[in-house]
Structures are given as C-alpha cells and as structure tokens.
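Comments concern the structure below.
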Amino acid sequence: MQYSRRLVAGMLVAAAAGAAVTTMAEDLPQVSVVHQIIDPSADTPAHAFRFEPRYLEVPEGATVRFKGSTGRHTVTSIPAMIPDGARAFEIRGKPELDLTFTQQGVYGIRCRVHGRHGMVMLLVVGDPAANLAAAQAYLPKLAEAERVEFEKLFAHLEDQHG
Ligand SMILES: [Cu+2]
C-alpha cells in the first residue's frame, strides 16, 4: 500500500517533528485532491504546466491528496511562504500522497521544475492571516513567472476574504 503513507505537515509539537504517520486515507471524512497537469494544448506555459486547482482553501487539520508528482513534477513548499512552525515539504516520484495541514495560514507551493513556467499554487489552511503579509512580502524575490501567478492567486484570496 505504497499510496497510503501520509506525511504530517505543519506539526507544532516538537515531539512529532520528523514523524511520518501511517494511516489509511479511506479513514478520512473528506480529502481535497490536487492534480498536476501537463496540457500541450494550453495557450500559455502557466496553463500547460499547472496544479489543478491552483487555489485551494481547506479547514485547519485537513488532508490534501496530491496526485501526479511523477516524471519531473514536484510539490515543493516555498520556505518563506509557509506559516511559522509548519514543516517544509517536497513530494517527488509519488503518483499520490496525502499531506495533513495542522498549521493555519497560507502555503506557497511550486513545482521545482515547472515553477519557472508559473506552475505554482496557493493553499489556504484555515485563517490566512497568520502569515499572509510575510508570504506576500516574499513575492519580489520570486522568478517572474512565479510572481505573476502568485499575484493573481493572492488577489483571488483577497476577493474571497475581503
Ligand atoms: Cu511540474
């Protein structure tokens, strides 16, 4: 059951740091699914290489199932764009992996290879206020394609929470 392994991201408890929790995904009441897509027919690179959805809001403690971290795709947290105390993560070489997010705030995520084409996503766990300003402050340091896509995603967040 190689796909049942879950990593716990955002653990506050020091004792849990570094721990990988094994559980059956089927036990979970609700799981949001994020796909990684290569769409050769897309009109722009940011659409050709993308997370689907690229904006996702989940409650604190939710599990997100990332699918398609295969080939060259990765799911990589951007260290300056995750909440204080949340664990950095990178998924690669896994057709499917569940991550549980216990730390509220925003999580900026990129594909390590296709981020340069704008393959990024914004995950909002509970209340985004925890690190929203800090994450936005990092945008000027990103490569242009990532920055442009994140600016759209943060604008969308503000529409949702304005
Ligand atoms: Cu990719």
Name the lysines eligible as straight-distance cross-link partners of Lys94: C-alpha to C-alpha under 22 Å, and not fewer than 8 places from it in the same chain.
Lys67
Averaged over all directions, how much area does the convex hull of the C-alpha atoms of the range 36-162 cover when projected, in nm²?
7.1 nm²
With an 8 Å Cα cut-off and a minimum separation of 6 or more residues, compute the relative contact order for the range 82-156 in percent.
30 percent
So which lysines pass the test for Lys141, namely a Cα distance under 20 Å, with those fewer than 8 places away in the same chain ruled out?
Lys152
Once the other residues with Cβ under 14 Å from the Cβ of Ala86 are scored (Lys, Arg +1; Asp, Glu -1), what is the net sum?
-3
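Rule-based calculations on the coordinates, nothing more; no lab input. None of the values given here were measured: they were computed from a predicted structure. When we count neighbours, we look across all protein chains shown, and the Cβ atoms used for this are built from the backbone with ideal geometry, even at glycine.
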